[in-house]
Amino acid sequence: LITVSAFIREVIGQAWVKDFVITMDTSFNTDLELESIEFVELAEKLQSHYEGRVKFAEWLAEMELDEIVGLKVGQLVEFIVRCQ
Amino acid sequence: MTEANGLIFHTQVLGEGEPVALIHGLIVSNLAEWYFTAAPVIARNRRVLLYDLRGHGRTQRPDRGYDLTTMVADLAALLDGFDLRPVALVGYSFGGLIALQLQRKHPDRVSRLALIETPLPPSCAVEADAFSRMTVEQWLVASPESVRRTMSQGGRRAERFVDSMRALVCDTSLMEDIAAEPDISDRALEQVNCPVLCLYGDSSACLESGRRLSQVLPDARLNIIQGGHYLLSDAPREVASRLEGFFDD
C-alpha cells in the first residue's frame with residue numbers, strides 16, 4: 001500500500017494529495033478522481049518498478065468496464081501481491 | 001515515451017505476437033480509450049502498440065500539424081521506431097482515417113485495416129463548424145457517456161478534462177486543419193489492397209460512411225453492432241471479439 005500510494009501521489013502531482021489518506025478502501029474513481037490516462041501512467045510506473053512482473057493488461061482483460069471504473073486501491077495492491 | 005517525427009509521444013506496448021497498432025479518436029480521447037477496453041484482450045495473443053496522438057493524452061501538444069498527412073507521418077515514424085511491419089492497423093473514428101491513409105501511402109507496411117466508426121469526408125470528424133457553435137448543453141448531449149459522467153460529477157477530473165480540451169481546440173490548429181481536409185475519392189479508396197473490416201454502431205450517425213467504405217473498398221466487410229458512435233465504451237467486448245475474428249480469419 002505504501003508503494004502504490006507513493007506512485008498515486010506522484011501521478012496526481014497536486015498539493016492536496018500529499019495529505020490525503022489513501023487506504024485499501026480508497027476508490028480511484030470517486031475518492032481520487034483519477035483520470036483514465038493517469039491510471040495508465042500509474043500502471044506504467046508500477047510495471048517499471050516491479051520490472052514487468054505485474055501484468056496489468058492481463059488483469060484488465062478479465063474485467064468489465066464497470067469493474068475497472070469501480071476499482072479500489074486495495075484491489076490493485078492485492079493483485080500486485082499475487083504477482084510477486 | 002518515444003521520440004518520432006520531431007515530437008515526444010506517449011506510447012505503450014502490450015503482449016507478444018503479430019503486431020497491431022491501435023489508434024484513438026480526436027479531442028475527447030487518448031490511448032486510455034483502448035487500454036481499458038479492447039487492447040488487453042487483443043494483447044493476449046498479439047503485440048499491441050498504443051500511442052497518444054499529437055496534442056492528446058501525454059504526447060506533446062504542438063501548435064500545428066493536425067492534418068492527416070502529418071498524423072500519418074507520426075504513425076509511420078512510430079512503426080519504424082518499434083520495427084512493426086507488416087502491421088494490422090485499427091483506428092477508431094479519426095484514427096481510422098490515419099490508418100486508411102497510411103495504408104494508401106505505404107501499402108507494403110500494412111497487413112490489415114479495421115476502421116471503427118470512421119467518418120467520411122474527414123472534415124466531418126469533429127463536425128468542426130457545428131462543434132464550435134454548440135452550447136455546453138448541446139455538446140454534452142453529443143458526447144460519450146464517460147464524458148457526460150465526468151462533467152456531471154464536476155471536481156478535479158472535470159476541470160482537467162476541460163483544460164486539456166480547451167487547449168487542444170483553442171490553442172492549436174486542430175479544428176482548422178481537420179475542417180480543411182478534402183474527401184478521399186472513390187478512385188483512391190479502390191486502390192486499398194488489403195482486407196478491411198468496417199465496424200459501425202447501428203444507431204451511429206457515421207453508419208453511412210461505413211456503407212460507402214464497404215461498398216468501394218475492394219476487400220471490405222461491414223459489421224454493424226448494437227451501439228452509437230462511441231462503440232469502444234458502448235460495446236467494448238463485442239468490438240474486441242469482432243477484431244479477434246477479423247485477425248484470425
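Among the listed residues B:ALA21, B:ALA38, B:ALA76, identify the single one that is of a type in the set (Gly, Ala, Ser), under 27 Å from B:PHE247 (Cβ atoms) and surrounded by fewer than 24 Cβ atoms within 10 Å (Cβ to Cβ). Explain how you work it out, then say what you get.
On the way: B:ALA21 fails: surrounded by fewer than 24 Cβ atoms within 10 Å (Cβ to Cβ); B:ALA38 fails: surrounded by fewer than 24 Cβ atoms within 10 Å (Cβ to Cβ).
On inspection, the qualifying residue turns out to be B:ALA76.
Being more than 14 Å from chain A (Cβ to nearest Cβ), surrounded by fewer than 24 Cβ atoms within 10 Å (Cβ to Cβ) and more than 20 Å from B:ALA240 (Cα to Cα) narrows it down to one residue among B:SER123, B:SER111; which is it? Being more than 14 Å from chain A (Cβ to nearest Cβ), surrounded by fewer than 24 Cβ atoms within 10 Å (Cβ to Cβ) and more than 20 Å from B:ALA240 (Cα to Cα) holds for just one of B:SER123, B:SER111, which is B:SER123.
When you look at B:PHE82, is it within 16 Å of B:LEU50 (Cα to Cα) and either of a type in the set (Lys, Arg) or open to solvent by 10 Å² or more (accessible area, probe 1.4 Å) (or both), yes or no? Spell out the reasoning first.
Details: within 16 Å of B:LEU50 (Cα to Cα): yes; either of a type in the set (Lys, Arg) or open to solvent by 10 Å² or more (accessible area, probe 1.4 Å) (or both): yes.
Taking the combined requirement at face value, the residue satisfies it.
Please indicate, with yes or no, whether at least one residue in the stretch B:133-156 is in contact with an Asp or Glu (Cβ under 6 Å, 6 or more places away or on another chain), modelled with pLDDT under 95 and surrounded by fewer than 23 Cβ atoms within 10 Å (Cβ to Cβ). Checked the stretch B:133-156: at least one residue is in contact with an Asp or Glu (Cβ under 6 Å, 6 or more places away or on another chain), modelled with pLDDT under 95 and surrounded by fewer than 23 Cβ atoms within 10 Å (Cβ to Cβ).
Taking A:ARG82, is it touching a Cys at 6+ places or on another chain (Cβ under 6 Å) and surrounded by fewer than 15 Cβ atoms within 10 Å (Cβ to Cβ)? When the stated conditions are applied, A:ARG82 does not pass them. Filtered by the rule that a residue be more than 17 Å from B:ALA43 (Cβ to Cβ), more than 10 Å from chain B (Cβ to nearest Cβ) and either among the hydrophobic types (A, V, I, L, M, F, W, C) or part of a helix (DSSP H, G or I) (or both), the stretch A:47-78 gives A:SER48, A:HIS49, A:ASP66, A:GLU67, A:LEU71, A:VAL73, A:GLY74, A:GLN75, A:LEU76, A:VAL77, A:GLU78. Counting the residues of the stretch B:191-249 that are in a helix (DSSP H, G or I), charged (D, E, K, R) and either under 15 Å from B:SER111 (Cα atoms) or more than 14 Å from chain A (Cβ to nearest Cβ) (or both) gives 6. Inspection of the stretch A:5-27 identifies no residue that is facing another protein chain (nearest Cβ under 8 Å) and open to solvent by less than 50 Å² (accessible area, probe 1.4 Å). Sort through A:VAL4, A:VAL21, A:VAL17 and tell me the only one that's among the β-branched types (Val, Ile, Thr), more than 17 Å from B:ALA39 (Cβ to Cβ) and not in a helix (DSSP H, G or I). Residue meeting the stated conditions: A:VAL21.
Have a look at B:LEU174, B:LEU197, B:LEU231 and point out the one that is open to solvent by less than 30 Å² (accessible area, probe 1.4 Å) and in contact with a Lys or Arg (Cβ under 7 Å, 6 or more places away or on another chain).
Working: B:LEU174 fails: in contact with a Lys or Arg (Cβ under 7 Å, 6 or more places away or on another chain); B:LEU231 fails: in contact with a Lys or Arg (Cβ under 7 Å, 6 or more places away or on another chain).
After ruling out the rest, the residue left standing is B:LEU197.
Selection of the stretch B:204-228 for residues being open to solvent by less than 30 Å² (accessible area, probe 1.4 Å) and within 26 Å of B:PHE36 (Cβ to Cβ) yields B:SER204, B:CYS206, B:LEU207, B:SER209, B:GLY210, B:ILE225, B:GLY227, B:GLY228.
The values are calculated or read from the model by the stated rules, or taken from the named source; none is laboratory data. Keep in mind that what you see is a predicted model, and the values were worked out from it rather than measured. Cβ coordinates were reconstructed from backbone atoms using ideal geometry, including for glycine residues, and neighbour counts include every protein chain displayed. Heads up: the accessible areas ignore ligands, DNA and RNA and are worked out on the full protein's heavy atoms, side chains in. Shrake-Rupley method; radii C 1.70, N 1.55, O 1.52, S 1.80 Å.
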